[in-house]
Amino acid sequence: MNAKTTTDETANWLSAFREQAASLGFPRVAVAPAVEATGFNQLVEWIESGYAAEMHYFANRLEAYRHPRGVMEGVKSILVLIYPYPADVTRTVKPAHGRVARYAWSGIDYHDTIHAKLKALRRWIEAESPGARVRGCVDTAPLLERELAELAGIGWRGKNTLLLHRELGSYFFLASLLVDFELPYDTPFSTSHCGTCTACLDACPTDAFPAAGVLDASRCISYWTIEHSGEIPESMREGIGDWAFGCDICQEVCPWNRKVTRRSETHATEKPFEQIDLIELFSLDDEAFRAKFRKSPFWRTRRRGMLRNAAIVLGNQRDASSLEPLSAACKDDDPIVAEACRWAVDQIRER
């Protein structure tokens, strides 16, 4: 792409790119301009309100969020892509098992999967547009991804803060390709289709939404079971329920995720971690845990986090058959794990 590229050539380029993206599992691609983030001040207010909890990486990279050039200097256009994950209805939780957020059902780290696909698309762009600069991003770069998706016309932000698409609901990842040349931009999505519905806000068991469109991470099950590495406050433990890793409650109740078209087998052929065996986790030392989960989403929490979560879920389930492994783990070398197990044992014995 260059200054002499005609409108027809650009349209053909985009059409070919969308075909390449679709072949790699991205059903929707849209284009946004690289402009200053209108939501930057909201991000600042969110951090200052304490809603980021201990996710200090937001504040540490704050200025980079102001404009996409904080990620790649010279960026002019952003290709925003959707990558769906399983939307199937969950089964009843089996005894001594924990629920897992849908995005982790495959047991494969989505960063690895999507980055590999973005690299393939980057190579395609570089071949079709010699000299072009390209950078692919998946939720770890300081980009306001949902704002970019709105700007590209993909969808709107729901009251649970997640992006919603008319056909795909919200069970998808957002990915971006930043390029240093101009493309025709899609029409921004400027309306909300949530109406008066407050299902997501009402269903949250830990009251993590102080207002529509605002998430308080310090009250979010996903934050406590994935991002946080220390003890989980006792005041939050009952609300965690059966969730051993992440949470989908605010998505499960959303009417936009109940459409039959969201039950796609193409994204859910293998679901080994739809539920996770909690007792089995207590048989793993650090080395065994690493061997089993190093390439999975569960590695983010490490052994400490997963055993802590497992203990809390077992404590909430109050099944006496869990007492033996929990009692043994009360002597675990990790004090976070040992404390959670002692709490769980107390919950079961009190019953």
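The values are calculated or read from the model by the stated rules, or taken from the named source; none is laboratory data. Just so it is clear, the model here is predicted, and its values are computed rather than measured. In this analysis, Cβ positions are derived from the backbone assuming ideal geometry, glycine residues included, and neighbour counts consider all displayed protein chains. The protein model used for the area step is the full one, side chains on, heavy atoms only, and it has no ligands, DNA or RNA in it. Shrake-Rupley method; radii C 1.70, N 1.55, O 1.52, S 1.80 Å.
A few remarks follow.
- Residue check, E231 open to solvent by 60 Å² or more (accessible area, probe 1.4 Å) and either over 28 Å from R342 (Cα atoms) or not in a loop (DSSP other than H, G, I, E, B) (or both): no
- Residue that is most open to solvent (accessible area, probe 1.4 Å), among those in region 251-270 that are outside any loop (DSSP other than H, G, I, E, B) and either polar (S, T, N, Q) or modelled with pLDDT under 95 (or both): E265
- Candidates K159, K119 - the one that is in contact with a Leu (Cβ under 7 Å, 6 or more places away or on another chain) and open to solvent by 10 Å² or more (accessible area, probe 1.4 Å): K159
- For region 235-248, the condition of being part of a loop (DSSP other than H, G, I, E, B) and more than 16 Å from the chain's Cα centre (by Cα) holds for at least one residue.
- Selected residue (only one of F289, F273 is under 23 Å from I226 (Cα atoms) and in a loop (DSSP other than H, G, I, E, B)): F273
- Residues satisfying the stated conditions in region 35-47, i.e. in contact with a Lys or Arg (Cβ under 7 Å, 6 or more places away or on another chain) and either surrounded by 15 or more Cβ atoms within 10 Å (Cβ to Cβ) or at pLDDT below 95 (or both): A37, F40
- Residues (open to solvent by 70 Å² or more (accessible area, probe 1.4 Å) and over 15 Å from A208 (Cα atoms)) located in region 234-245: E234
- Residue within region 328-349 that is within 15 Å of E234 (Cα to Cα), charged (D, E, K, R), open to solvent by 10 Å² or more (accessible area, probe 1.4 Å) and in contact with a Leu (Cβ under 9 Å, 6 or more places away or on another chain) present: yes
- One residue from D319, D248, D207, D286 being open to solvent by less than 80 Å² (accessible area, probe 1.4 Å), modelled with pLDDT of 95 or more and either of a type in the set (D, E, K, R) or at positive phi (or both): D248
- Cβ-Cβ contacts under 6 Å between residues 6 or more apart (or on different chains), taken from a first residue in region 315-331 that is farther than 21 Å from V93 by Cα to a second residue that is open to solvent by 30 Å² or more (accessible area, probe 1.4 Å) and hydroxyl-bearing (S, T, Y), are absent.
- When residues of region 10-34 are limited to those that are open to solvent by 70 Å² or more (accessible area, probe 1.4 Å) and within 22 Å of D180 (Cβ to Cβ), the one modelled with the lowest pLDDT: N12
- The set of residues from region 54-66 being exposed (fewer than 13 other Cβ atoms within 10 Å of the Cβ) and over 22 Å from T225 (Cα atoms) comprises N60, E63.
- Within region 122-135, the only residue that satisfies the criterion of being under 9 Å from V179 (Cα atoms) and without any contact (Cβ under 8 Å) to a residue 60 or more places away in the chain is V134.
- Restricting region 134-150 to residues that are open to solvent by 30 Å² or more (accessible area, probe 1.4 Å) and of a type in the set (D, E, K, R) leaves a set whose member that is farthest from the chain's Cα centre (by Cα) is R135.
- Reported count of residues in region 271-299, each being of a type in the set (D, E) and under 17 Å from G98 (Cα atoms), is 3.
- Residues in region 79-116 that are in contact (Cβ under 8 Å) with a residue 40 or more places away in the chain and among the β-branched types (V, I, T) were compared, and the one that is nearest to E167 (Cα to Cα) is I82.
- Considered as a group, the residues in region 67-93 that are of a type in the set (K, R) and at pLDDT 95 or above include one that is surrounded by the fewest Cβ atoms within 10 Å (Cβ to Cβ), and that residue is R69.
- Every pair of residues 6+ apart whose Cβ atoms lie under 9 Å, when the first sits in region 137-149 and is more than 15 Å from I82 (Cβ to Cβ) while the second is among the acidic types (D, E) and open to solvent by 10 Å² or more (accessible area, probe 1.4 Å): P142/E63
- Of the helices (runs of 4 or more DSSP H) lying entirely inside region 1-111, those carrying at least 2 residues that are hydroxyl-bearing (S, T, Y) are 7-23.
- Taken as a whole, region 107-114 holds at least one residue that is touching a Pro at 6+ places or on another chain (Cβ under 9 Å), open to solvent by 60 Å² or more (accessible area, probe 1.4 Å) and at pLDDT 95 or above.
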